[in-house]
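**Q** Can you keep this structure in mind? I'll have questions shortly.
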């Protein structure tokens, strides 16, 4: 059997301890043995979200958490602001449109970093009371400064898509007074897809309108979780895996996870630049989730990814939207180390050479290791 290597920004590789927990015999979700796991997992989620507030857990993808925010925070016709700078900002627009909201776009070019002062002024001008944004825009590699965004939007409710950032880059839900933080299991939390999370600040509960979804009703889910039950049949095996994964993260420490992701990003960027490739994602330590490079001239980006996958068993992520075929993305969130980055860079170098690209050979991996060992943060 040919070995496969996964370097996408989701789903991401899963540790064997997590897979083993998920393979245990099924138990009843309302039994005492599962309730103990559920209680522990919910408490660990609060630790990773850095919050004392309830973290709701749904059997869904991360997009389900986004859907739940629109369904619980807004009534038809409400004016909302959406910060867009990539594919997942556009997903916010699509969800809000689906719920009949009056969407005020705060639009940036794909690859640009949203500027807090501009966003704050645009929100004030729009009159929106709810602002939807993306922390880590994996379509471009940009990580927004959500702490500054919250300060800029003032009393407006800030909803943060942290699906790919939670556990990878600093996110202080309570300390930064962020109102709603959403995430999913299949990124830095090192689990398969299928679990969605929503952390809701306590003051919000008193002013929520009637939920516009039966399944994603925050009040119904919260009521059940307060007695360590689930409103509907939970994803038992996934939650067992999540409990183990969160334990691994917290045992090593969140700060250690943040540092590791910064160093992996440095290694990926250094290696790509050493080959002579041009970065699309920012060339600084904010790019700790996914590294994005432009496809070199004379190479078909779609063919490059197909060649990597079929010839060498390496899966990278393509560009999305108008960037399809123009960029490729190396994800390094979750269960990755520097040797994984070395493998990804070596495969890119080999494939580009086989496809006739003019690049520097033999320098990417050594430079990546050098960058990984550098100390201190670089802006």
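The values are calculated or read from the model by the stated rules, or taken from the named source; none is laboratory data. Computed from a prediction, not measured in an experiment: that's the story for all the values here. Cβ: placed from backbone, ideal geometry, glycine included. Neighbour counts: every protein chain shown.
**Q** Scan the stretch 92-109 residue by residue and report those that are surrounded by fewer than 17 Cβ atoms within 10 Å (Cβ to Cβ) and within 27 Å of residue 318 (Cβ to Cβ).
**A** 94, 97, 98, 105, 107, 109
**Q** Moving on to the next point. For the stretch 197-237, enumerate the residues that are within 17 Å of residue 184 (Cβ to Cβ), touching a helix residue (DSSP H, G or I) at 6+ places or on another chain (Cβ under 6 Å) and assigned to a loop (DSSP other than H, G, I, E, B).
**A** The one that is within 17 Å of residue 184 (Cβ to Cβ), touching a helix residue (DSSP H, G or I) at 6+ places or on another chain (Cβ under 6 Å) and assigned to a loop (DSSP other than H, G, I, E, B): 216.
**Q** Is it true that residue 11 is under 20 Å from the mean Cα position of the chain (by Cα) and closer than 27 Å to residue 313 by Cβ?
**A** In short, yes.
**Q** Further question: Find the residue count for the stretch 320-341, including only residues that are in a helix (DSSP H, G or I) and under 16 Å from residue 293 (Cα atoms).
**A** 4
**Q** Could you list, ordered by first residue, the pairs with Cβ atoms under 8 Å in which the first is in the stretch 293-315 and farther than 23 Å from residue 267 by Cβ and not assigned by TED's automatic domain parsing to the domain that holds residue 140 and the second is at pLDDT 95 or above and assigned to a strand (DSSP E or B), at least 6 apart or interchain?
**A** From residues that are farther than 23 Å from residue 267 by Cβ and not assigned by TED's automatic domain parsing to the domain that holds residue 140, the pairs are 302/318.
**Q** Which residue is farthest from residue 332 (Cα to Cα), if the candidates are limited to the stretch 148-175 and must be surrounded by fewer than 20 Cβ atoms within 10 Å (Cβ to Cβ) and touching a helix residue (DSSP H, G or I) at 6+ places or on another chain (Cβ under 9 Å)?
**A** So, considering only residues that are surrounded by fewer than 20 Cβ atoms within 10 Å (Cβ to Cβ) and touching a helix residue (DSSP H, G or I) at 6+ places or on another chain (Cβ under 9 Å), the one farthest from residue 332 (Cα to Cα) is 154.
**Q** Okay, next question. What number of residues within the stretch 53-66 are surrounded by fewer than 23 Cβ atoms within 10 Å (Cβ to Cβ) and either under 16 Å from the mean Cα position of the chain (by Cα) or part of a strand (DSSP E or B) (or both)?
**A** The number of residues fulfilling the criteria is 5.
**Q** Looking at the stretch 256-292 only, could you name the residues that are assigned to a loop (DSSP other than H, G, I, E, B) and either within 26 Å of residue 169 (Cβ to Cβ) or without any contact (Cβ under 8 Å) to a residue 40 or more places away in the chain (or both)?
**A** 277, 278, 280, 281, 282, 283, 284, 285, 286, 287, 288, 289
**Q** State whether one or more residues within the stretch 295-307 are at pLDDT 95 or above, in a loop (DSSP other than H, G, I, E, B) and buried (at least 22 other Cβ atoms within 10 Å of the Cβ).
**A** Looking for residues that are at pLDDT 95 or above, in a loop (DSSP other than H, G, I, E, B) and buried (at least 22 other Cβ atoms within 10 Å of the Cβ), one finds at least one in the stretch 295-307, hence yes.
**Q** With (1) buried (at least 16 other Cβ atoms within 10 Å of the Cβ); (2) within 15 Å of residue 73 (Cα to Cα) as the list, and residue 225 as the residue in question, which single condition is left unmet?
**A** Of the numbered conditions (1) buried (at least 16 other Cβ atoms within 10 Å of the Cβ); (2) within 15 Å of residue 73 (Cα to Cα), the odd one out for residue 225 is (2).
Residue-by-condition table, conditions (1) at pLDDT 95 or above; (2) surrounded by 16 or more Cβ atoms within 10 Å (Cβ to Cβ); (3) outside the structural domain of residue 168 (by TED's automatic domain parsing):
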{"position": "2", "(1), (2), (3)": "no, no, yes"}
{"position": "20", "(1), (2), (3)": "yes, no, no"}
{"position": "51", "(1), (2), (3)": "yes, yes, no"}
{"position": "71", "(1), (2), (3)": "yes, yes, no"}
{"position": "80", "(1), (2), (3)": "yes, yes, no"}
{"position": "90", "(1), (2), (3)": "yes, yes, no"}
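**Q** Would you confirm whether or not the stretch 245-253 contains a residue that is crowded, with 20+ Cβ neighbours inside 10 Å, in contact with a strand residue (DSSP E or B) (Cβ under 7 Å, 6 or more places away or on another chain) and either in contact (Cβ under 8 Å) with a residue 60 or more places away in the chain or not assigned by TED's automatic domain parsing to the domain that holds residue 51 (or both)?
**A** There is no residue in the stretch 245-253 that is crowded, with 20+ Cβ neighbours inside 10 Å, in contact with a strand residue (DSSP E or B) (Cβ under 7 Å, 6 or more places away or on another chain) and either in contact (Cβ under 8 Å) with a residue 60 or more places away in the chain or not assigned by TED's automatic domain parsing to the domain that holds residue 51 (or both).
**Q** Regarding residue 48, is this residue closer than 20 Å to residue 234 by Cα, outside any strand (DSSP E or B) and in contact with a helix residue (DSSP H, G or I) (Cβ under 9 Å, 6 or more places away or on another chain)?
**A** No.
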